[in-house]
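The values are calculated or read from the model by the stated rules, or taken from the named source; none is laboratory data. Only a predicted model underlies this, so the values are computations on that prediction, with no experimental measurement involved. Positions of Cβ are generated from backbone atoms using ideal geometry, with glycine treated the same way; all protein chains shown enter the neighbour counts.
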């Protein structure tokens, strides 16, 4: 049990970087970006092929960042220049990336077990079971911190305003089209970076490992917001990190139920997201009803039905 | 400051719904001019605003702002010279961002956006000083989210954001129409004060005739995409709501009752 939990937290922190990317598109830009399912694998593909061919694993992981950036920009251009609806431009890019990923990898699965990766290097440095967790935690926090700072810069502010009130920010001479392209690029850069780390963590990169990634990202964002809140940027990004870890813990616990096996993961994820989306509304409604009832009793009236 | 020459704009051309929104319209504004625009619905007032702001490109004619031909320049590129306040108090501000962040967005209208922070200590003092001009106490709520403000407060903030970086042209699109009478008066007074202090060249659309008479040094009346009546500074002093309505009926030629209801 403890090892399973430890693993859940460890991978949760790595996936948290992906969830931060989803936060950028889904919350900041208000753009539900399905490119994520493809760009996550693109990151893993670029990193693993470079590593297999002898590139320094840190450099290879860094390269994934750029590959993801390009993928996100492509989605952004489809939407802003091509006038294609946000969901559809993401889906189109996701499906296109499937083939591109296969081309990059050359085969559906690239094993990394025999290679020196970022993960094996860290393990060697720390010589402790906590090494990877600590390293990834620090990395995720640094990325969170940079994201927080970026969203407070002049460019970052207009990026947020694009998601908030596009017409307004255009009237303050921001090129909203390019802002969206930039935002989606940055979002998918983080997703691909996370994909590169996950591939090295798992010891292989598989062309199908991105399926449902957007939903996992959404689950992390929504669970985090429910638990931590999103009253400020720093708090919202922290919520995403916590949400990503909580999601992994929930899944690990769910998989311990006899009846369920690993193939049910996607179903469990979907159910978690559905619950996370519906539950807060139901709770709010109940709270409001209880409040109303109490107040009406004080007033001595009969509530309607 | 603003030259509009033979502006023509048609919608749904070649269909039974064809509508000529602006019909070879000419308008010229000198620096410091404050022109109020009245006219019934569908007269072309909003199209006029949108052609100036760049949201729409005219089919014919030229728009020159501050000596530069901007006829086909996209909205965000000419926004450096144009401040704009919309009718909807929600339209001019970003609700999930704080007051100071909104001001920082507006601050960048005339400047290139960089990776430096939008809110610094120095800038915050500057924003606070500007907010004090509104007399709404917003200067003490810099970190409040704009979504929490009332409609009147948001519209006052929109007005400040549109003007504090000295636009060449200020466009006011029925910016008091969605407010209650007390708030509308507050915003009207603020408009008067800000435009006078900064000497802004302003174009204001309104459905409120009294407001159109109270504000500005020139008045134009639009109908069917043309300017059908125009009053300069001296003529405007003489005008009353009654005289305006009479003028309108004279030009439209009777059947003024429904229009009277629309305009008063």
*Subset of the stretch A:148-162 (residues that are crowded, with 23+ Cβ neighbours inside 10 Å and more than 7 Å from chain B (Cβ to nearest Cβ))*: A:156, A:159, A:162
*Qualifying positions in the stretch B:106-156 - part of a helix (DSSP H, G or I), touching a helix residue (DSSP H, G or I) at 6+ places or on another chain (Cβ under 9 Å) and within 14 Å of another protein chain (Cβ to nearest Cβ)*: B:106, B:107, B:108, B:109, B:110, B:123, B:124, B:127, B:146, B:147, B:154, B:155
*Determine if the stretch A:150-168 includes at least one residue that is in contact with a strand residue (DSSP E or B) (Cβ under 7 Å, 6 or more places away or on another chain) and closer than 30 Å to residue B:81 by Cβ.*
yes
*Tally the residues that are surrounded by 23 or more Cβ atoms within 10 Å (Cβ to Cβ) and in a helix (DSSP H, G or I), restricting the search to the stretch B:162-186.*
2
_Test for residue B:84: is it touching a residue at least 40 places away in the same chain (Cβ under 8 Å) and within 28 Å of residue B:192 (Cβ to Cβ)_ = yes
*From the list A:142, A:214, which one is surrounded by fewer than 16 Cβ atoms within 10 Å (Cβ to Cβ) and assigned to a helix (DSSP H, G or I)?*
A:142
*asked:* I'd like to verify a number: residues in the stretch A:107-125 that are free of Cβ contacts under 8 Å to residues at least 24 places away in the same chain and either part of a loop (DSSP other than H, G, I, E, B) or farther than 21 Å from residue A:193 by Cβ (or both), how many?
replied: 3
*Only one of these is surrounded by 17 or more Cβ atoms within 10 Å (Cβ to Cβ) and over 17 Å from residue A:191 (Cα atoms): A:77, A:41. Name it.*
A:77
*asked:* Just to verify a result, which residue in the stretch B:87-99, among those that are more than 7 Å from chain A (Cβ to nearest Cβ) and buried (at least 22 other Cβ atoms within 10 Å of the Cβ), is nearest to residue A:153 (Cα to Cα)?
replied: B:99
*Would you point out which residue out of A:89, A:99 is at pLDDT 95 or above and buried (at least 23 other Cβ atoms within 10 Å of the Cβ)?*
A:89
*asked:* Looking for something touching a residue at least 40 places away in the same chain (Cβ under 8 Å), within 17 Å of the chain's Cα centre (by Cα), surrounded by fewer than 22 Cβ atoms within 10 Å (Cβ to Cβ) and assigned to a helix (DSSP H, G or I) - is there at least one such residue anywhere in the stretch A:52-65?
replied: yes
*Residue satisfying condition, being within 23 Å of the chain's Cα centre (by Cα) and closer than 22 Å to residue A:33 by Cα, within set A:139, A:102*: A:102
*For the stretch A:256-271, does any single residue satisfy the condition of being farther than 30 Å from residue A:93 by Cβ, touching a residue at least 40 places away in the same chain (Cβ under 8 Å) and touching a helix residue (DSSP H, G or I) at 6+ places or on another chain (Cβ under 7 Å)?*
no
_Single residue of A:119, A:112, A:133 found to be farther than 28 Å from residue A:182 by Cβ, surrounded by 18 or more Cβ atoms within 10 Å (Cβ to Cβ) and in contact with a strand residue (DSSP E or B) (Cβ under 8 Å, 6 or more places away or on another chain)_ = A:112
_Residue tally, condition part of a loop (DSSP other than H, G, I, E, B) and either within 20 Å of residue B:194 (Cβ to Cβ) or more than 22 Å from the chain's Cα centre (by Cα) (or both), over the stretch B:89-105_ = 6
*Show the residue pairs that are 6+ apart or on different chains and have beta-carbon atoms under 6 Å apart, the first residue being within the stretch B:45-59 and closer than 12 Å to residue B:4 by Cβ and more than 11 Å from chain A (Cβ to nearest Cβ), the second being modelled with pLDDT of 90 or more and in a helix (DSSP H, G or I).*
B:58/B:51
*Among what's in the stretch A:178-194 and is closer than 17 Å to residue B:108 by Cβ and in contact with a helix residue (DSSP H, G or I) (Cβ under 6 Å, 6 or more places away or on another chain), pick the residue that is farthest from the other protein chains (Cβ to nearest Cβ).*
A:183
*Checking residue A:249 against (1) more than 14 Å from chain B (Cβ to nearest Cβ); (2) assigned to a helix (DSSP H, G or I); (3) without any contact (Cβ under 8 Å) to a residue 12 or more places away in the chain, which test does it fail?*
(3)
*Within the stretch A:163-177, work out how many residues are facing chain B (nearest Cβ under 9 Å) and either touching a residue at least 60 places away in the same chain (Cβ under 8 Å) or assigned to a helix (DSSP H, G or I) (or both).*
9
*Residue satisfying condition, being touching a strand residue (DSSP E or B) at 6+ places or on another chain (Cβ under 9 Å) and surrounded by fewer than 20 Cβ atoms within 10 Å (Cβ to Cβ), within set B:212, B:144*: B:144
_Matching residues in the stretch B:74-86 - criterion: being in a strand (DSSP E or B) and at the interface with chain A (Cβ under 7 Å from one of its Cβ atoms)_ = B:84
*Is it fair to say residue B:163 is within 14 Å of the chain's Cα centre (by Cα), more than 14 Å from every other protein chain (Cβ to nearest Cβ) and closer than 27 Å to residue B:63 by Cβ?*
no
*Please enumerate the residues belonging to the stretch B:23-45 that are under 22 Å from residue B:67 (Cβ atoms) and surrounded by 13 or more Cβ atoms within 10 Å (Cβ to Cβ).*
B:25, B:27, B:29, B:32, B:33, B:34, B:35
